[in-house]
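Scroll down for the structure; my scribbles are underneath it.
Each reported figure results from applying straightforward, stated rules to the coordinates on display, with no laboratory input. Computed from a predicted model, the values in this text were never measured in an experiment. Methodologically, a virtual Cβ is constructed for each residue, glycine included, from the backbone with ideal geometry; neighbour enumeration extends over all protein chains shown.
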Amino acid sequence: MEPVRVHITTYGCQMNRLDAELVAERLRASGARIVDEPADAGVLLFVTCSVRAHAEDRVFSNIGALKTRKRREPDLVIGLLGCMAQQYGDRLRSRAPLVDIVCAPGRLAELPDLIEAARTSRTRPVVALDPPRDAPGAPCGPTAGAEAFAAADAALDEVEIHRPLGGPSPGHAFVTVMRGCDNFCAYCVVPNVRGPERSRPPGVIVEEVRRLVGQGARQITLLGQAVNKYAGREGGRTWDLADLIETVAETPNLARLAFITSHPRAMTERLAAVFRNVPAVCPYLHMPAQSGSDAVLARMKRGYTAAEYADRVAMVRAARPHVAVASDFIVGFPGETEEDFEATMDLVRRMRFSQAFVFKYSPRPGTFAAEHYEDDVPLADKRRRNQVLLDLMQQVAGEDNRRFVGRTVTIFVEGPSPHPNLHPEKGTGEKGTGSFSGPMEKVPGSFSRRTEKLPAEKVPGSFSGRMEKGTGSFSGRMEKVPVPFSGPAAGWPQLRGRTPGNRIVVFDGPTALAGTEVDVEVTASSPLTLFARLPETT
């Protein structure tokens, strides 16, 4: 029998990216084939995000665009997975009638059965949801909800623990350390769509990391909605995130270790100390402030003041100077005044964030803000504040990036640049952080962009082992190596990598460098990108 051909489209955060990897692995294990092009698939799956209305609108629009194809191919199966599935549930019948499968984040391991049911059932959509938080177990008793989450987590763990190294970036793997969220910030749907906080056992995480590194992973990123609230139970005691990091960092051949996303309220001196005491830990902290106004923070139910946020950043940078701190901000939150917004601008100036993701507030169904606050900031003001804050971030990041020009930095190479024609004369833009136009700092004559693409050449010593076609899994070992510089005649494609502080670097080089660490010379900068070249070697 011909295997089911499946295409997966992913929206949103790193948790969703990992969910998509787990879905792909679960389906491969059931005999399905994952394909690159939607046109080649009989099953189209969308791993979705509910954090913003705009993210949901994109999903509904893209699914709606399939109406003609669905009419032409009535057996086409369309699945909506993840946060939007849990958020909308049965209501998707009216909002997105083309959808055949509705699958919540905790039920992803069941997808092979759900796809089979959708292909054979007369009743669609096939719906698999997590238990609601506000109804813990009724009518089966007070523990039924917890038991359902535990069973779902066990099924997901079974997939995650045994997955091969894959994903879009060779040599890099995400590892879930906890699921769910108990913070209930006033604007956020995550506690409702991802469920209560559940920390995975430390031993399971450590073993998963060792397996992935054994397959060739050089960088591991530990994931959680509020990852620094990790509290795994094992051996008669509770491990915090610092305990877990110290143990994971002992994994042989692990070069880099990162963790995201941290909540300011849960940042402790003990966790800050890992930036100083654990060499593998990247000097990068994603810790969203959301606002610089105490009044807005209180309405958001964030649980800290702007001064307390600044104290936590100072605590981390006291442990390791120059840690790059990234943030998220919401502008136009209900009740936000111009004075409140200026307080946010002031926080950005003082903290000098390396990156910031800025969003205009949109009410999310079921959240405290949507039910109790009037969305009273005019859209025009939201748009203006959004752009003004982005402009300030461009200024701050541009000033800080210029200090890298002329330096040699070690980067982890992710692979081909998703925007392969980035050039220091053109300006760059990244989604979520705004766009930049204007002059960039550079070393005259040091950067040469080549548009032609020649076959990738292998660099001796930079890669040993083999890459499994179609899976992204690697067997063998990756090393940081010097790479001969061949000059403009090399015809190499543009690659993208990241510094330990998560700054984006693009340079021309052989694709065999993907998944390795390499030294590059920074020749130019923009607020979002460092431009570099491989050093000449003798």
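Odds and ends about this structure:
- Option label - Cα extents along the principal axes in Å computed here, alternatives (i) 67, 59, 48; (ii) 61, 54, 49; (iii) 72, 63, 55: (iii)
- Extension gain (nm, one decimal) between residue 277 and residue 162, 0.36 nm per residue minus Cα-Cα: 38.3 nm
- Loop sites in region 158-218: chymotrypsin sites (Phe, Trp or Tyr not before Pro), DSSP, at most 15 other Cβ within 10 Å: 184
- Dipole of the chain computed with +1 at Lys/Arg Cβ and -1 at Asp/Glu Cβ about the Cα centre; of 162, 309, 510, farthest Cα towards the positive end is 510.
- Geometric descriptor of region 1-140, per residue, is 126 Å³ (volume of the convex hull of the Cα atoms).
- Its residue count N fixes a reference of 2.2 N^0.38 Å for region 92-230, and the Cα radius of gyration divided by that reference is 1.19.
- Debye log10 I(q)/I(0) at q = 0.15, 0.22, 0.23 Å⁻¹ for region 283-400, Cα point scatterers: -0.65, -1.27, -1.36
- Three-way shape call for region 16-77 based on the alpha-carbon gyration tensor, with the a/c threshold at 1.5: oblate
- Exposed GluC sites (Glu not before Pro) absent: longest stretch of the chain, with sites in DSSP loops and at most 16 other Cβ within 10 Å deemed exposed: 1-249
- With the helix formula -39500 (n - 2.57) applied to DSSP H stretches of n ≥ 4, the chain reaches a computed 222 nm mean residue ellipticity of -9500 deg cm²/dmol.
- Prolate/oblate/rounded call for region 60-129, Cα gyration tensor, a/c under 1.5 rounded: oblate
- Here is the size of region 266-314 from its Cα atoms: Rg then Dmax, 12.7, 39 Å.
- When the chain is described by a simple charge dipole with +1 on each Lys and Arg Cβ and -1 on each Asp and Glu Cβ, the residue from 104, 347, 38 located farthest towards its positive end is 38.
- Cα coordinate range in region 162-227, projected on the principal axes (Å, largest first): 41, 26, 16
- Rotationally averaged projected area of region 164-282 (alpha carbon convex hull; nm²): 7.8 nm²
- Among 220, 244, 278 the positive-end extreme of the charge dipole of region 164-282 (Cβ point charges): 220
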